[in-house]
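**Student:** I'd like to ask some things about the structure below.
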Amino acid sequence: MFSVFLIPTSTGSRAAAAAVWAAWVAVLIGLAAYGLFGTRLFLLSTLATVFMYAVLTQAWNLLGGYGGYLNFGLVTFFGIGAYTTGILFQYYELSPFLTAPVAGLVAAIAGLLIGFPTLRLRGAYFALVTMIITFAVQILALNLTITQGALGIYLPRLPLSPLAVERLFYFVFLGLLVLVTAVVWAVQHSNIGGALVAIREDEDAAEIVGVRTVEVKWAVNAVSCFIVGVTGGLYAQRIAYIEPTGTFSFDISLNVVLMAVIGGAGTWQGPLIGAPVVLLVADLLRVTVTSEVNRVIFSLIVILIALFVPGGVMGAVSRWRRARAAKPDDVSGSPAP
Amino acid sequence: MSGLFAGYVPGHPILRGVDLTAQSGRITVVLGPNGAGKSTLLKTAAGFLVPLRGSVMLGDTDIGHLPAHRHIALGIGLLPQGRSTFPDLSVYENIELGGWSMRSDRKRLAAAVEAVLTRYPHLRELRHRAAGSLSGGQQRAVEIARMLVPDPTVLLVDEPSVGLSPIVARQVYQELRALKAEGRTILLVDQDVRAAIAIADYVYVLGSGRNDVEGDRSAFEGDLGAMVRGWLGV
Amino acid sequence: QQSPIVIGGTLGLTGAYAEPSTDYKFVYDRWVEEVNKKGGLLGRPVKMVIYNDESTPTVAQSLYNRLLDQDKVDIVIAPYTTFVGGAVVPIVMSHGKLLFNGGFVGINIFKNNKGSIIGSFTYQEPDYTRGLFEMLGALPADQKPKRLAVFTSQNPFTVVVRAGIAGQGGVLNYAKAAGIPIVVDEQYPPTTSDFNGLVQKAKAANADMVLALGLPNDTLNIARSVHQQGMKPMVFCTCGSQVTTLSAWPKLGAAAEGGFGTTISWPTQGYPGLTELAEVFKARGYETLPTYAIVGYAILQVIEQAVDGAKTLDQEKLKAYIHSNEFKTAAGTFRYQDDGTPVFSQILLQFQNGQNQVVWPKQAQTAQPVFAKP
Amino acid sequence: MSAAGAEALLTIDGVGKRFGGVAAVRDVSFSVADRSVVGLIGPNGSGKTTLLNIVNGVLAPDRGEIRLGGSATAGRRPSDLAALGLARTFQAARVFRTLTAMQNLFVPLLHQKALERRAAHRRAFDLLVFVGLERHADRVASELSGGQQRLLEFARTLVTRPRIVLMDEPFAGVHPQIKATLIRCIRETVSREGASFLIVSHEVPDLVAMSDRMVCLVEGAVAAWGAPADVVQEEKVIDGYLGRSEEPA
Amino acid sequence: MEKLAGSVALPRGRSRVPGGARRAANRDPGAIRRGRCRTAPRTGPRAAPGPRFCGASGLRPAAPCPGYAAEHCRCSRNRPMITHVLSIVADGVLLGLIYAITGLGLSLVLGVMGIVNVAHSAFVMLGSFLAFELFRRFGVDPVLAFVLALPVFFVLGTVVYRVVITRVQSAAQTQGLVAMFGLMVLIENLGTIVWTTDTRVVTAAYTNTSLEVGGVVLPYVRLIAGGLALLLIGAFWAFLRFTLTGRAIRAMAQNPEAARIVGVDIQRLSAVMFGLGIACAGAAGVALAMVFPFSPNTQVVWLAWAFLVVILGGLGNVANTLFAGVAVGLIQAVCTAVMPFDYVYLVLYVLLAVILTVRREGLSSAVRRTI
Ligand SMILES: Nc1ncnc2c1ncn2[C@@H]1O[C@H](COP(=O)(O)OP(=O)(O)OP(=O)(O)O)[C@@H](O)[C@H]1O
Ligand SMILES: Nc1ncnc2c1ncn2[C@@H]1O[C@H](COP(=O)(O)OP(=O)(O)OP(=O)(O)O)[C@@H](O)[C@H]1O
Ligand SMILES: CC(C)C[C@H](N)C(=O)O
Ligand SMILES: [Mg+2]
Ligand SMILES: [Mg+2]
């Protein structure tokens, strides 16, 4: 339908850009090294969760961040993915590692079907309908025989030591994250990214200047759902017990939106920043303040971020960059002769 | 206005030292290339932007730091560039809201709305239509009417004739003349150089956020083309 | 000073299933204080680490990982409710630990782990209504209820309370055995907010026995609707959670009257620690001792007696000791079955004149059951 | 009223549209020949924008037919029409606010073939230079002044080398000097690239000077159609639109 | 639904048995769900012949449960059909009014200010506890609490506006969302600390009594809550429609920049607006507390209902909020009466999604406005 074609960018000095890239690579190497040699189960498992959420947030970011379609029902596809591998295991004893792509596919198909009516809705309506759809699918999962209703599905834990299991998922999700981030980066730097932003800013105008908005939204949504479905499929193996309430929990959708916004929606870096910020803060509070006060502190931090870091971390960064880059001369418009 | 600095991003002024005086009861025209800062100037005068430096004086008071809604109370009305109707409200409701600042005195408000509708009878016919369903020009007329409801003494007018058909545009300029005749002070920004200069008492030209040329109408009337080329530095 | 013995677990102090967690927390804290006053376990002080899992399975999993790896807890206790507990079981098991479970029921989970989960609920899901049906079974045939309506929350344990397991237990089987036909059998999602329509169905079907198999909030909701609709079922039982032992039950006013419910033990039974516990809770403003306080306390008593008896923290040895000894707890005297659950015992309560009375089993009875005449 | 010639690029044939009680467009027919500029004038509310919306596929006409390059446009989405070489500007400029000026020009290129797209990228910058926005290439569109946004929109329509461009008051609020440049640009595009233009504007003298043909709508119907000089002489046009007190301003 | 369930092929040639396959259930806890007994016939994939009515009473027969072959029809013939239908309608309308009032504040805040106020349910919760505390400590009747809640929560709302919303308003919608999310977590958890997570009920003198009209039972609490809802919604409707301030609020929703131009003090009016929205949330909380049990954690389920009403009714449209609420209530009541309850919400949600997408809300006005 359309090819990805990277478009030239021209801002910023090359040296600074190189430094930033180097920093990203260093972080990645550091994380890989920790995955290999780290022995703290809790940290490995927390980071694996961080990576998983970062993947989800990146996927959300495609349509939600760039396209402005705030999907409040991401967990629908996550749950569908989880149940796909869960059911395939339950009935055919296929390992979720094998069936995760199938989970992605099923989620993508669900995304296409659900997207058909919902992607025509705008703004808050879309957000709310996606949320309602989660509830509907959750009820299906509660009622269908194949999902075993409220009882849920148990998957066997992998026959490895707890540390090895967490290490495995650490790398699985880290790898997935790198992959997905590359996809998002490519989208941001291609015409599709521009088209998505155009849709966010003024969808009718985008259609009129020639963007096939329906197809673009569909395709991007399907890709996003695929990623989320794969993640959900792997999650099922990791948690080893899926049931409707937790697997389709609205909290997951909300958390993903939260992470995207706090990191900076519509930038490829946003999810990479937002997911760890939110999860690590929450985890740190959980283990240091064990009473329900931990949530109070957490919420205060969230509120403060919302109040004082508009546009998320990346918003602050780009504002700072722009303020630095802008020479006063730039401002005056003088038309060409 | 003197030594005015204003802008949208901190540390990033668009207006850099503009001096401008709109004589009371006169039409002062501001011209300039696209992006020169004309609209920014009007927005600052109307209180939408806070001057970074310099002052906006109304008579003897500095109004630069007052919020926008106080400006209305002081008799300053703004006709912004672009479109600014309330699309889902009826034309009548749109115009009525122009008198928001008089809301404590319902009788006066009703009378003022009535007066405006009498002044623009074609709007009376449209008064039950949703403003968003009107054509571009009709909406512009609604905006002008809305601005006049509180009976402002200072009018800040940004490209009033854009999108209006020639007849109507001419009427608008006549209207501006008439408003001046009623003793109002008008600060007019326009790209229709000819028409603007034709009704101007005094003309400023902005370039890149600074004063460029200024002078009486007579100074501009002569060789229009040359003047235009003059600002562009061609 | 020796290093403390660390007991760790989580509770959903916040979130959707938080209700009993504060009771658990209170009991845990009290027990730690008591034990340490007595000189601790094995001569070492006892420390308890309880995190807030926000009633979320994933969070609980990650916290159990931390408890087992970082905090190096010696004894692991379970979180509250089946759907959180079910998620942490595999983790605890893969660390080779016993799971001391006063937090959730789940006969299948117990069975699958072959005695490595040590429970203190004296009845599992299929048995939730056993006492009720035993009591009804003792009635003359013409005095039994004739039409049963069952409302079941779609929650991993209440669906089993309804259906039983493999043809054993559960309302469906008990009712069949008792010859009481089921005229309304409805399940509702956990998020259901209004039950009037459901209750109207039961009313339209002239049900004279209504079973609410749900969590506290929905059960209270159903109880009130039943009363407002003017239904006077002969038996109304809150047989899902132990709702009649909660503080909100008496506050229902007239709607609470006559309601049946279950619990694990009753202060009049004189089990160790039970009366004291009841008094403490009375001081906190609880008319009835909540079931959760009893099971929470009982599992700690099991831990205490097992560690003292086996003189070790070695999990295998503890397991062997527990499976071959008796434990005297506030929930009764436990003898463990192979799957790690104690032998069945249950108390059936009825709320009469603003107070809970034991109506079954006979030997614990404090009052005769009263049946409304429809 | 001469209808479409066989070679016409865009044919509007008997088009009508009502909004509730308002007949915005009634029975309008005219055509835009290949490589030509057609000026569209008419009083406020006469249905010009509505007509563009219909041609553009944003609104469906109640009756009548639009033919673009020989095939009917009925039922086609705006993006389909864009792919056929139709581009337009809006009466109130609609730029993509958080994209930079440069990125705004890339948006229409999404579905183009990679090769064309590469060429278009180069062209984009030339267009920015042309409308005098090259210094603002990397500024986000919301930070441009009203006139600059309009210029950006103008450039955006040309970036795909369209066959026909609909323009709704492209000169409104544009500085006279740039306006002259734009007019030159339009003429050059016609002669070099063979594009056609349908331009709505109230700046009649300019329109007369640049158009090959001109059409005037009054109350939704065609009041005059023909050579520009003739159209502005028509009684109906003068009465309903230009006014007679002075010479056209 | 039956189709959905039935179309999933059971693996490995296990036979499909009407009423649910009964598998040897060792490693398969699902099996225990299979032997269902339901009010609606659920006999096999496509076999359900639609609602079967029982005599003239319109009541559903009991499902043919295994072992109760004789018990097919359990109808009480002393309740005529009309009473039954009226009961369902009354139940639906009263419930719908409660839904409507729950959605009202959310709709106003979302419609006018563009903020997805996920903290709405937290304010509802506070409203419920206001009623609870007033009742417990001072014996204040919930009806009075409803009236008191309006000013109290109005002030609370304006304070929240000044402290939180003013700072996020200029930023994107998502920023406000995050702030409100934080607020929701904050309030809920403070609520948990203050009131614990125990379920609470407010039982006034009339709570356990009902009005019976011709066999239709109307619980007084529901009548009162519904009446209060009607009053409040009516007041808001009139306010937005007939007062200049109301019009200014609508104007602000459509074009805040232009509202500033005509001299509206956006900050102040928004504060008022937000205050009103929160006042509605608080009052809704009181109404809910009259009718339902609650705790700091559980009031969040009302958020879903509020959203439902809002999307069905349209943003910021008060009259439609009322209709939407009643529609949802009626649909729920009717569905409950004619199908197994575990599918009622599904039907409701799907119906809603369908209505919404057919209406294509939010599309047409965008086109008209800007082209
Ligand atoms: N919201 C904004 N944020 C940042 N910069 C802006 C903003 N609006 C305008 N500018 C910049 O300020 C400068 C002056 O803009 P202004 O709108 O005042 O120009 P103008 O003289 O009215 O031009 P025009 O004739 O095109 O309307 C321009 O360079 C523009 O890019
Ligand atoms: N969406 C709509 N709903 C109702 N009426 C509409 C709608 N769009 C346009 N109209 C009406 O149709 C008529 C034609 O409007 P249109 O915008 O096409 O005029 P126009 O010729 O472009 O005028 P202008 O020069 O003022 O822009 C006007 O009377 C307008 O009020
Ligand atoms: C599994 C547990 C949640 C069961 C507990 N008996 C309850 O009442 O809630
Ligand atoms: Mg301007
Ligand atoms: Mg127009």
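**Student:** Kindly state which strands (runs of 3 or more DSSP E) lie completely within segment D:1-65 and contain at least 1 residues that are more than 26 Å from residue D:93 (Cβ to Cβ), away from ligand 1 (no atom under 16 Å from the Cβ) and modelled with pLDDT of 90 or more. Outline the logic, then answer.
**Tutor:** Numbers: elements: D:10-19, D:22-32, D:37-41.
Those strands (runs of 3 or more DSSP E) span D:10-19, D:22-32.
**Student:** Among the residues of segment B:141-156, is there at least one that is assigned to a loop (DSSP other than H, G, I, E, B) and within 9 Å of another protein chain (Cβ to nearest Cβ)? Break it down into steps so the answer makes sense when it comes.
**Tutor:** Quick first cut of segment B:141-156, residues assigned to a loop (DSSP other than H, G, I, E, B) only: B:149-153.
Going one step further and asking which of them are within 9 Å of another protein chain (Cβ to nearest Cβ), we end up with B:149-150.
Yes, the conditions are met somewhere in segment B:141-156.
**Student:** Within segment C:163-189, can you find the residues that are in contact with a Leu (Cβ under 9 Å, 6 or more places away or on another chain), facing chain E (nearest Cβ under 9 Å) and closer than 30 Å to residue A:248 by Cβ?
**Tutor:** C:163, C:164, C:182, C:184, C:185, C:186, C:187, C:188, C:189
**Student:** Can I ask one more? So, in segment C:308-333, how many residues would count as being out of contact with any strand residue (DSSP E or B) (no Cβ under 9 Å at 6 or more places or on another chain) and closer than 22 Å to residue C:344 by Cα?
**Tutor:** 3
**Student:** How many residues are within 14 Å of chain D (Cβ to nearest Cβ), under 12 Å from residue B:27 (Cβ atoms) and within 16 Å of ligand 1 (Cβ to nearest atom) when one looks only at segment B:173-196?
**Tutor:** Going through segment B:173-196 one residue at a time, the tally reaches 5.
**Student:** Can you list the helices (runs of 4 or more DSSP H) lying wholly within segment E:287-363 that have 1 or more residues being facing another protein chain (nearest Cβ under 9 Å) and under 17 Å from residue E:109 (Cα atoms)? Please lay out each step first, then the result.
**Tutor:** Values: elements: E:301-313, E:318-338, E:344-359.
Passing ranges, in order: E:301-313.
**Student:** Can you find, within segment D:135-151, the residue that is farthest from the chain's Cα centre (by Cα) among those that are part of a helix (DSSP H, G or I) and more than 7 Å from ligand 1 (Cβ to nearest atom)? Break it down stepwise before answering.
**Tutor:** Restricting attention to segment D:135-151, the residues satisfying the condition of being part of a helix (DSSP H, G or I) are D:135-136, D:141-143, D:146-151.
So of that shortlist, the ones also more than 7 Å from ligand 1 (Cβ to nearest atom) come out as D:135, D:141, D:149-151.
Numbers: D:135: 26, D:141: 21, D:149: 16, D:150: 13, D:151: 13 Å.
Going through the qualifying residues, I end up with D:135.
**Student:** Just the residues that are within 8 Å of chain B (Cβ to nearest Cβ) and surrounded by 23 or more Cβ atoms within 10 Å (Cβ to Cβ), please, taken from segment E:259-271.
**Tutor:** E:259, E:260, E:261, E:262, E:263, E:264
**Student:** What is the number of the single condition among (1) modelled with pLDDT under 90; (2) within 13 Å of the chain's Cα centre (by Cα) that residue D:97 does not meet?
**Tutor:** Checking residue D:97 against (1) modelled with pLDDT under 90; (2) within 13 Å of the chain's Cα centre (by Cα), the one that fails is (2).
**Student:** Continuing with the same structure: Taking the condition closer than 9 Å to residue B:91 by Cβ, away from ligand 4 (no atom under 16 Å from the Cβ) and facing another protein chain (nearest Cβ under 9 Å), does residue B:134 pass?
**Tutor:** Details: closer than 9 Å to residue B:91 by Cβ: yes; away from ligand 4 (no atom under 16 Å from the Cβ): yes; facing another protein chain (nearest Cβ under 9 Å): yes.
The answer is yes for residue B:134.
**Student:** Is there any pair linking a residue in segment D:33-47 that is more than 30 Å from residue B:129 (Cα to Cα) and among the aliphatic types (A, V, I, L, M) to one that is within 14 Å of ligand 5 (Cβ to nearest atom) and at pLDDT 90 or above, with Cβ under 6 Å and at least six apart or on different chains, and which?
**Tutor:** Close Cβ pairs satisfying both conditions: D:38/D:198.
**Student:** From (1) in contact with a strand residue (DSSP E or B) (Cβ under 7 Å, 6 or more places away or on another chain); (2) at pLDDT below 90; (3) at positive phi, pick out the condition that doesn't hold for residue C:40.
**Tutor:** Only one criterion is unmet by residue C:40, namely (2).
**Student:** Okay, next question. Restricting to helices (runs of 4 or more DSSP H) lying wholly in segment C:232-316: which have 2 or more residues that are in contact (Cβ under 8 Å) with a residue 40 or more places away in the chain and under 29 Å from residue C:113 (Cα atoms)?
**Tutor:** Working: elements: C:248-251, C:274-283, C:291-310.
Result: C:291-310.
**Student:** Against the definition (part of a helix (DSSP H, G or I), surrounded by fewer than 24 Cβ atoms within 10 Å (Cβ to Cβ) and in contact with a strand residue (DSSP E or B) (Cβ under 8 Å, 6 or more places away or on another chain)), how does residue C:190 come out, yes or no?
**Tutor:** Values: part of a helix (DSSP H, G or I): no; surrounded by fewer than 24 Cβ atoms within 10 Å (Cβ to Cβ): yes; in contact with a strand residue (DSSP E or B) (Cβ under 8 Å, 6 or more places away or on another chain): yes.
The answer is no for residue C:190.
Condition check ((1) within 16 Å of ligand 4 (Cβ to nearest atom); (2) under 15 Å from residue D:166 (Cβ atoms); (3) within 13 Å of another protein chain (Cβ to nearest Cβ); (4) surrounded by fewer than 21 Cβ atoms within 10 Å (Cβ to Cβ)) across all residues:
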position	(1), (2), (3), (4)
D:27	no, no, no, yes
D:32	no, yes, no, no
D:52	no, yes, yes, no
D:74	no, no, no, yes
D:81	no, yes, yes, no
D:85	no, yes, yes, yes
D:90	no, yes, yes, no
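**Student:** Looking at segment C:76-84, can you tell me whether even one residue there is over 22 Å from the mean Cα position of the chain (by Cα) and modelled with pLDDT under 95? Steps first, please.
**Tutor:** To start, the set of residues in segment C:76-84 that are over 22 Å from the mean Cα position of the chain (by Cα) comprises none.
Looking through segment C:76-84, none of the residues is over 22 Å from the mean Cα position of the chain (by Cα) and modelled with pLDDT under 95.
Condition check ((1) within 14 Å of ligand 4 (Cβ to nearest atom); (2) within 8 Å of chain B (Cβ to nearest Cβ)) across all residues:
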residue: D:141; (1), (2): no, no
residue: D:149; (1), (2): yes, no
residue: D:162; (1), (2): no, no
residue: D:167; (1), (2): no, no
residue: D:174; (1), (2): yes, yes
residue: D:177; (1), (2): no, yes
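Rundown of residues vs (1) within 11 Å of ligand 1 (Cβ to nearest atom); (2) touching a strand residue (DSSP E or B) at 6+ places or on another chain (Cβ under 6 Å); (3) at pLDDT below 80; (4) not assigned by the TED database to the domain that holds residue B:179, yes/no style:
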| position | (1), (2), (3), (4) |
| --- | --- |
| B:8 | yes, no, yes, no |
| B:13 | yes, yes, yes, no |
| B:34 | yes, no, no, no |
| B:44 | yes, yes, no, no |
| B:49 | yes, yes, no, no |
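**Student:** Here is a follow-up. If a residue must be of a type in the set (Phe, Trp, Tyr) and more than 22 Å from residue C:312 (Cα to Cα), how many such residues does segment C:23-61 contain? Before you say what the answer is, go through the steps one by one.
**Tutor:** Step one: filter segment C:23-61 for residues of a type in the set (Phe, Trp, Tyr), giving C:24, C:26, C:28, C:31, C:51.
Keeping just the survivors that are more than 22 Å from residue C:312 (Cα to Cα) gives C:24, C:26, C:51.
Final tally of qualifying residues: 3.
**Student:** Sort through B:165, B:161 and tell me the only one that's within 16 Å of ligand 4 (Cβ to nearest atom) and either on the phi < 0 side of the Ramachandran plot or within 13 Å of the chain's Cα centre (by Cα) (or both).
**Tutor:** The conditions single out B:161.
Yes or no, residue by residue, for (1) modelled with pLDDT under 90; (2) assigned to a helix (DSSP H, G or I); (3) within 16 Å of ligand 5 (Cβ to nearest atom):
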| residue | (1), (2), (3) |
| --- | --- |
| A:279 | no, yes, no |
| A:286 | yes, yes, no |
| A:290 | yes, no, no |
| A:295 | yes, yes, no |
| A:303 | no, yes, no |
| A:306 | yes, yes, no |
| A:314 | yes, yes, no |
| A:319 | yes, yes, no |
| A:324 | yes, yes, no |
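**Student:** Being charged (D, E, K, R) and under 26 Å from residue D:206 (Cβ atoms) is the filter here, so list the residues in segment B:163-189 that pass it.
**Tutor:** The first filter runs over segment B:163-189 and keeps only residues charged (D, E, K, R), leaving B:170, B:175, B:177, B:180, B:182, B:184.
Answer for segment B:163-189, where residues must be charged (D, E, K, R) and under 26 Å from residue D:206 (Cβ atoms): B:170, B:175, B:177.
**Student:** Here's another thing I want to ask about it. Any residue in segment A:216-225 that is among the hydroxyl-bearing types (Ser, Thr, Tyr) and either within 14 Å of chain D (Cβ to nearest Cβ) or crowded, with 21+ Cβ neighbours inside 10 Å (or both)? Explain how you work it out, then say what you get.
**Tutor:** Keep residues of segment A:216-225 that are among the hydroxyl-bearing types (Ser, Thr, Tyr), which gives A:224.
Okay, now just the ones that are also either within 14 Å of chain D (Cβ to nearest Cβ) or crowded, with 21+ Cβ neighbours inside 10 Å (or both), so A:224.
Checking segment A:216-225: at least one residue is among the hydroxyl-bearing types (Ser, Thr, Tyr) and either within 14 Å of chain D (Cβ to nearest Cβ) or crowded, with 21+ Cβ neighbours inside 10 Å (or both).
**Student:** I've got another one for you. Among the residues of segment B:79-95 satisfying the criterion of being touching a Ser or Thr at 6+ places or on another chain (Cβ under 9 Å) and at the interface with chain E (Cβ under 7 Å from one of its Cβ atoms), which is nearest to residue B:148 (Cα to Cα)?
**Tutor:** Looking at residues that are touching a Ser or Thr at 6+ places or on another chain (Cβ under 9 Å) and at the interface with chain E (Cβ under 7 Å from one of its Cβ atoms), I get B:80.
**Student:** Oh, and also: Being of a type in the set (D, E, K, R) and more than 7 Å from every other protein chain (Cβ to nearest Cβ) narrows it down to one of D:94, D:63, so name that one. Step through it out loud before you land on a result.
**Tutor:** On the way: D:94 fails: more than 7 Å from every other protein chain (Cβ to nearest Cβ).
Of D:94, D:63, the one residue that is of a type in the set (D, E, K, R) and more than 7 Å from every other protein chain (Cβ to nearest Cβ) is D:63.
**Student:** Evaluate segment D:105-127: report whether one residue or more is within 16 Å of ligand 1 (Cβ to nearest atom), more than 9 Å from every other protein chain (Cβ to nearest Cβ), in a helix (DSSP H, G or I) and modelled with pLDDT of 85 or more. Write out each step before concluding.
**Tutor:** In the first step, residues of segment D:105-127 are kept if they are within 16 Å of ligand 1 (Cβ to nearest atom); the result is none.
No: zero hits.
The values are calculated or read from the model by the stated rules, or taken from the named source; none is laboratory data. Owing to the predicted nature of the structure, the values given are computational and were not obtained by experimental measurement. Every residue, glycine among them, receives a Cβ derived from its backbone with ideal geometry; neighbour counts consider all protein chains shown.
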